[in-house]
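Notes follow once the structure below has been shown.
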Amino acid sequence: RSVYDGEEHGRFMEKLEARIRNHDREIEKMCNFHYQGFVDSITELLKVRGEAQKLKNQVTDTNRKLQNEGKELIIAMEELKQCRLQQRNISATVDKLTLCLPVLEMYSKLREQMKSKRHYPALKTLEHLEHTYLPQVSHYRFCKIMVDNIPKLREEIKEVSMSDLKDFLESIRKHSDKIGETAMKQAQQQRNLDNIVSQHPRISGGKKSKKEVCASSDLEVKNTSPMSEQDSGILDVEDEDEDEEVPGAQDLVDFSPVYRCLHIYSVLGARETFENYYRKQRRKQARLVLQPPSNMHETLDGYRKYFNQIVGFFVVEDHILHTTQGLVNRAYIDELWEMALSKTIAALRTHSSYCSDPSLVLDLKNLIVLFADTLQGYGFPVNQLFDMLLEIQDQYSETLLKKWSGVFRNILDSDNYSPIPVTNEEVYKKIVGQFPFQDAELEKQPFPKKFPFSEFVPKVYNQIKEFIYACLKFSEDLHLSSTEVDDMIRKSTNLLLTRTLSSCLQNVIKRKNVGLTELVQIIINTTHLEKSCKFLEEFITNITNVLPETVHTTKLYGTTTFKDARHAAEEEIYTNLNQKIDQFLQLADYDWMAMEPGSKASDYLVDLIGFLRSTFAVFTHLPGDVDVHSTMSGKVAQTACMSACKHLSTSLMQLLLEAEVRQLTLGALQQFNLDVEECER
């Protein structure tokens, strides 16, 4: 920079040229010194070029030969390379297929299970497929399709299992009565067995409780084979002969649809939904079952079908309670039972009130007891049913009273109201066997002879005993104490005597055209029936084993009934006699203006006195024991005579003092006096 900036540029160039020349001289010196070696080297190099060309030709030739020879090798190597590549691909494919095949097999198995309706195993397969197999091969497209299908399959399983459950619910709704019928048969057999065991204590070692019998016949959960899973609800059972063992109620039902559906919903995490649905549907079915048919009261079969359906419903629920964990619980069952109990009792109260046939009421009572015993065997409280039976007992008594009212009317209407003639010992003993009658004098008399009473006495007495038996039948199996049974029978018998029999007797006494002979016979009959009341007391004591001295024991009011009837008959005798006297007095035809009296008493009065004489002869000539004679002649005859005389006296006075008799003669008065003297005589 300083050279260019300064004035020394020319000088510098000169110096530089001089330097170059010096260097050239040195180079030349050096070249001259080495020239020969350079020439030798060039000569050698030329030689080498020739040799190199030869070598090149040889290499080219060798290369050509090598190329020609290596073509086959290259082809073979390419083939080997391709083969190795294929081998690696095959190996990789086998490895991938090893992972994919189980997935495909599981999917195929799943489809097969779905097709054969084995839904619970299908769900298990689906779980394995989703969590174990698919994650290993999730990058394949077919796996993605499967993954997308899994929720749909789950929903399909859910819907199909719910459909099976609906079929099951519909099936048990239709077959509830069959299930209940079987359960009640089983309860009846158990009760019969208990009765046999109680009569023969020696064999009680092998006795089983009803619960044990039921438990021993409980179903195992069915195997989930295709065939068993297609069956839904009720298994066919042929009607058994009476002698054959009745199958357990649960043996009639295949519960596997419920178990499967419960497991499926549990696995799917929707157990609560399933429980709520099941309980809701069963509540609806319970309301349907508890709705009695409108004509249920007409036949026993109507009641039986109603009870069978209720029992069938609760047998199923009890089995579900004990074989599933939490599908139904005790609180739910108790709530259903409370509803069923109230509706059943209300229905029975309503329908039983329409029943007028005592035998139907008795059959209904036996059916209710069997119904209660059956459900009690499954652990349901039934005290309210037995309380209601006591209400039905009052109704039963009323229907019995109506029936016996007809029986008594027929007996009294068909009676001939004359003493029973006896021609031989056999007939005598037969009647004495029917009615408690003892009379030493009558026994001594030779045949033929007569009992003092007519046929209605032994018939009425036996019908009272039949009524007591009918009352006793109702009290059986009601779990009542003997004192309660005794009290119930005595109260019903009192109603029979004081209301029903008393009314029938009063109707007979008060009916038109009843004869004096019949009335007297009624008095004799009621006297004997009154005496028989103590035997009826003994009869009740014997069948109930409750002594009459026991506190609170009701007494029979039969004595009062027969006394009232006897008094009514006596009054009717007095009334009838007075009516007859009035009829004769209507024939009286006094000539109040007669100048001379007749030579004898008036004809109507002679006829009247003749009638009264024959009437009192009937009273005093009735057969019977001394007591009856004294009763009839002493009391009834005397009172009747006094009543007749008083009535006749009053009537004659009225004849004399009639307003129409404005004047009368001494002759007429003398004739009237003759009649009065005839009466006195």
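The values are calculated or read from the model by the stated rules, or taken from the named source; none is laboratory data. Keep in mind it's a predicted model, so treat the numbers as computed, not measured. For neighbour counting, all protein chains shown are included, and Cβ atoms are generated from backbone atoms with ideal geometry for every residue, glycine included. Quick note on the areas: whole protein, heavy atoms, side chains included, nothing else; ligands and nucleic acids left out. Shrake-Rupley method; radii C 1.70, N 1.55, O 1.52, S 1.80 Å.
Taking region 665-675, which residues are among the hydrophobic types (A, V, I, L, M, F, W, C) and surrounded by 16 or more Cβ atoms within 10 Å (Cβ to Cβ)?
ALA668, PHE672, LEU674
The helices (runs of 4 or more DSSP H) falling completely within region 489-601 that include 1 or more residues that are within 19 Å of THR639 (Cα to Cα) and open to solvent by less than 70 Å² (accessible area, probe 1.4 Å) map to 502-510, 516-531, 558-585. The condition of being more than 16 Å from the chain's Cα centre (by Cα), among the aromatic types (Phe, Trp, Tyr), more than 24 Å from THR182 (Cα to Cα) and buried (at least 20 other Cβ atoms within 10 Å of the Cβ) holds for only one of TYR354, TYR396, TYR332, that being TYR396. Can ASP607 be described as open to solvent by 70 Å² or more (accessible area, probe 1.4 Å), within 60 Å of the chain's Cα centre (by Cα), of a type in the set (Asp, Glu) and at pLDDT 75 or above? Spelling it out, it is not the case that ASP607 is open to solvent by 70 Å² or more (accessible area, probe 1.4 Å), within 60 Å of the chain's Cα centre (by Cα), of a type in the set (Asp, Glu) and at pLDDT 75 or above.
Of the listed requirements (1) in a helix (DSSP H, G or I); (2) at pLDDT below 80; (3) open to solvent by 50 Å² or more (accessible area, probe 1.4 Å), TYR277 misses just one: (2). Within the set LEU364, LEU385, the sole residue that is outside the structural domain of GLN291 (by the TED database), out of contact with any Leu (no Cβ under 6 Å at 6 or more places or on another chain) and open to solvent by less than 30 Å² (accessible area, probe 1.4 Å) turns out to be LEU385.
Just one of the listed residues (SER649, SER630, SER643) is more than 28 Å from GLN670 (Cβ to Cβ), modelled with pLDDT of 85 or more, in a helix (DSSP H, G or I) and not charged (D, E, K, R), and it is SER643.
Quick check on VAL316: is it within 24 Å of GLN186 (Cβ to Cβ), in contact (Cβ under 8 Å) with a residue 24 or more places away in the chain and in contact with a strand residue (DSSP E or B) (Cβ under 7 Å, 6 or more places away or on another chain)? When the stated conditions are applied, VAL316 passes them. Cβ-Cβ distances below 9 Å connect the following pairs, each with a first residue in region 105-124 that is closer than 12 Å to ILE157 by Cβ and of a type in the set (D, E, K, R), a second residue that is at pLDDT below 80 and open to solvent by 90 Å² or more (accessible area, probe 1.4 Å), and a separation of six or more residues or different chains: LYS117/GLN230.
Just one of the numbered conditions (1) at pLDDT 80 or above; (2) of a type in the set (A, V, I, L, M, F, W, C); (3) farther than 21 Å from ALA372 by Cα is not true of VAL221: (1).
Per-residue answers, yes or no, for (1) in contact with a strand residue (DSSP E or B) (Cβ under 7 Å, 6 or more places away or on another chain); (2) in contact (Cβ under 8 Å) with a residue 60 or more places away in the chain; (3) not polar (S, T, N, Q):
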residue: ALA470; (1), (2), (3): no, yes, yes
residue: HIS479; (1), (2), (3): no, yes, yes
residue: GLU484; (1), (2), (3): no, no, yes
residue: THR498; (1), (2), (3): no, yes, no
residue: LEU501; (1), (2), (3): no, yes, yes
residue: LYS510; (1), (2), (3): no, yes, yes
residue: VAL514; (1), (2), (3): no, yes, yes
residue: GLU518; (1), (2), (3): no, yes, yes
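Within region 466-479, the set of residues being on the phi < 0 side of the Ramachandran plot and open to solvent by 50 Å² or more (accessible area, probe 1.4 Å) comprises GLU466, TYR469, LYS473, GLU476.
Could you please let me know if PHE307 is touching a residue at least 60 places away in the same chain (Cβ under 8 Å), part of a helix (DSSP H, G or I) and crowded, with 19+ Cβ neighbours inside 10 Å? Answer is yes for this residue. Selection within region 144-175: residues that are modelled with pLDDT of 80 or more and polar (S, T, N, Q). The member of this set that is surrounded by the fewest Cβ atoms within 10 Å (Cβ to Cβ) is SER163.
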